[in-house]
Amino acid sequence: MSGCASILWFMTHQSDHSELIGFQTAFDLRPDAVFSPSDTDDVVAAVRHAADRKLSVAVEATGHGRPGPVTGGVLVSTKGMDRVTVDPAARTVRVQPGVRWGQVVAAAAPHGLAPINGSAPGVGAVSYTLGGGLGILAREFGYAADHVRWLDVVTGDGRLHHASPGSELYWALLGGGHRLGVVTELEIGLVPVRTLYGGSLAFDGRQVDPAAALRAYEAWTRTVPDGLTSSFAAVPYPDLPALPPHLRGRYVISVRVAHTGADGDQLVAPLREIGPVLADSLREMPYTESHTIHSDPDFPHAYYGDSAVLSGLDPEEGGELLRLTGPEVGAMVVVQVNHLGGALARPAGNSVPWRDGRFLVRLLTTGEREKARALLDPAFGVLAPRTLGRAVNFAFGAGDRGEGLYDPETQKRLAGVKSTYDPANLFGDGYGVSA
Ligand SMILES: Cc1cc2nc3c(=O)[nH]c(=O)nc-3n(C[C@H](O)[C@H](O)[C@H](O)COP(=O)(O)OP(=O)(O)OC[C@H]3O[C@@H](n4cnc5c(N)ncnc54)[C@H](O)[C@@H]3O)c2cc1C
């Protein structure tokens with residue numbers, strides 16, 4: 001154990017402590033004790049401390065995926081374990097659990113390499129990967145989980161395991177690993193990408209027909225190669241002075257693109273026919289600028305969201321989805337539709353489900369959980385005929401709903417791993433994984 005300084009003790013109701021503040025502000029953390037480990041030995045000590053006293057264990061790196069409130073028990077805050085080690089010759093990187101994707105992008109770029117990171121540089125690399133990890137170049141390279149070489153994890157039995165391909169623990173952690181233990185380090189492959197063609201093409205949702213734009217997007221996705229990854233978004237921006245003038249008070253429809261080939265301009269040309277372009281940030285860019293493609297909010301806030309992986313996007317259902325989530329509903333609902341397929345469809349030795357999905361619909365809103373559900377459930381209901389399941393990484397506050405996160409066979413196998421490695425259920429149920 002590296003020293004008592006890494007273990008913070010305090011009673012509940014100190015929710016302003018920095019270890020308890022995360023990106024998601026909808027849910028408070030009020031544990032009985034917080035452990036802030038500096039190394040794997042500290043994590044083992046924290047889990048054993050909890051196991052000996054039969055206390056629950058919550059884990060947090062950044063709070064982007066905080067599943068819900070925490071009351072009592074032990075919190076393992078991994079912020080202090082933030083070492084990134086790139087091996088340029090092997091094209092791999094080792095990341096500790098407090099590492100954010102922005103750090104990995106910055107560390108890999110001088111070697112002409114890039115990770116399979118997502119849209120936001122502030123998201124934690126480890127938890128993102130445990131949930132699959134749908135990256136900006138996902139259709140070309142597959143899920144982040146598909147690139148993991150090994151993981152070290154302290155499981156609910158208080159033991160440290162090294163999980164390699166072929167083992168049941170490796171299979172379970174990559175796709176269903178949010179409640180099996182504390183991953184203390186993993187090694188993941190990097191890809192040789194220095195630059196890409198990307199950005200977004202935005203339209204005013206009051207000048208173009210949003211449903212027609214979604215239809216055009218769906219038709220366009222049938223024509224693009226696997227090397228092009230994209231998503232459609234519909235966002236009713238509030239009328240706030242802090243927003244850029246071209247977004248303020250507007251219902252913005254956009255298509256976000258990332259492509260490593262040289263023919264990006266030609267490939268996106270049909271999208272320009274959707275209507276008058278409100279903003280166009282498509283360009284060749286160094287990979288280090290790839291976070292500008294989505295420009296996700298980077299400030300803490302409260303949100304609730306869920307997702308549906310679809311076998312296809314029906315035009316009628318797409319139109320109804322936008323009607324139920326558009327500006328006239330009187331609440332801000334962010335709709336994102338990710339084009340899946342390509343390398344995402346390739347089988348891999350992990351538990352990431354729904355590989356035959358063609359689209360992922362993500363809905364996000366603010367406000368209290370029950371009200372948010374009442375708003376989003378009818379929209380997901382419209383998509384039900386083509387819904388294969390849900391994606392664990394986009395269950396923002398909705399992880400307590402276990403159903404649909406995995407197919408029955410995967411769910412059963414994950415339950416078996418959970419009962420082996422977390423027999424006392426220290427890490428709790430949720431995210432669809434229970435013993
Ligand atoms: C703005 C934004 C953009 C996003 N973009 C993408 C995207 O492009 N692609 C994508 O796939 N996902 C994306 N996500 C989802 C994100 O990957 C998940 O929410 C992920 O769980 C966040 O990890 P974190 O460490 O940042 O969050 P945290 O809230 O710190 O962790 C989330 C949960 O993961 C578990 N966990 C954390 N650390 C560990 C560990 N070391 N060992 C075991 N379990 C652990 C815990 O159960 C914890 O509650 C995005 C989320 C947000 C808010």
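The values are calculated or read from the model by the stated rules, or taken from the named source; none is laboratory data. Just so it is clear, the model here is predicted, and its values are computed rather than measured. For neighbour counting, all protein chains shown are included, and Cβ atoms are generated from backbone atoms with ideal geometry for every residue, glycine included.
Details
- Taken together, the residues in the stretch 175-217 that are under 30 Å from Glu316 (Cβ atoms) and within 16 Å of the ligand (Cβ to nearest atom) amount to 1.
- Between Gly367, Gly389, Gly381, Gly342, the distinction of being without any contact (Cβ under 8 Å) to a residue 24 or more places away in the chain and in the same structural domain as Asp226 (by TED's automatic domain parsing) belongs to Gly381 only.
- Checking each residue in the stretch 272-291 for being surrounded by fewer than 14 Cβ atoms within 10 Å (Cβ to Cβ) and closer than 14 Å to Ile136 by Cβ picks out only Pro286.
- Every residue from the stretch 20-34 that is within 26 Å of Leu364 (Cβ to Cβ) and either crowded, with 20+ Cβ neighbours inside 10 Å or in contact (Cβ under 8 Å) with a residue 60 or more places away in the chain (or both): Ile21, Gly22, Phe23, Gln24, Thr25, Ala26, Phe27, Leu29
- Some residue of the stretch 151-174 being crowded, with 24+ Cβ neighbours inside 10 Å, on the phi > 0 side of the Ramachandran plot and within 15 Å of the ligand (Cβ to nearest atom): no
- So Gly102, is it near the ligand (Cβ under 8 Å from one of its atoms), farther than 22 Å from Asp42 by Cβ and not acidic (Asp, Glu): no
- Within the stretch 110-128, restricting attention to residues that are closer than 21 Å to Arg256 by Cβ and more than 14 Å from the chain's Cα centre (by Cα), the residue that is nearest to the ligand (Cβ to nearest atom) is Pro115.
- Residues that are among the polar types (S, T, N, Q) and surrounded by 16 or more Cβ atoms within 10 Å (Cβ to Cβ) within the stretch 296-327 comprise Ser307, Thr325, listed in sequence order.
- Complete set of residues in the stretch 59-69 that are more than 6 Å from the ligand (Cβ to nearest atom) and either buried (at least 21 other Cβ atoms within 10 Å of the Cβ) or of a type in the set (Gly, Ala, Ser) (or both): Gly68
- Residue that is surrounded by the fewest Cβ atoms within 10 Å (Cβ to Cβ), among those in the stretch 205-260 that are farther than 19 Å from Val335 by Cβ and polar (S, T, N, Q): Thr223
- Number of the exception - Asp356 against (1) over 30 Å from Ala26 (Cα atoms); (2) of a type in the set (Asp, Glu); (3) not in a loop (DSSP other than H, G, I, E, B): (3)
- Residue list for the stretch 83-99, filter: in contact with a Ser or Thr (Cβ under 6 Å, 6 or more places away or on another chain) and within 13 Å of the ligand (Cβ to nearest atom): Pro97, Gly98
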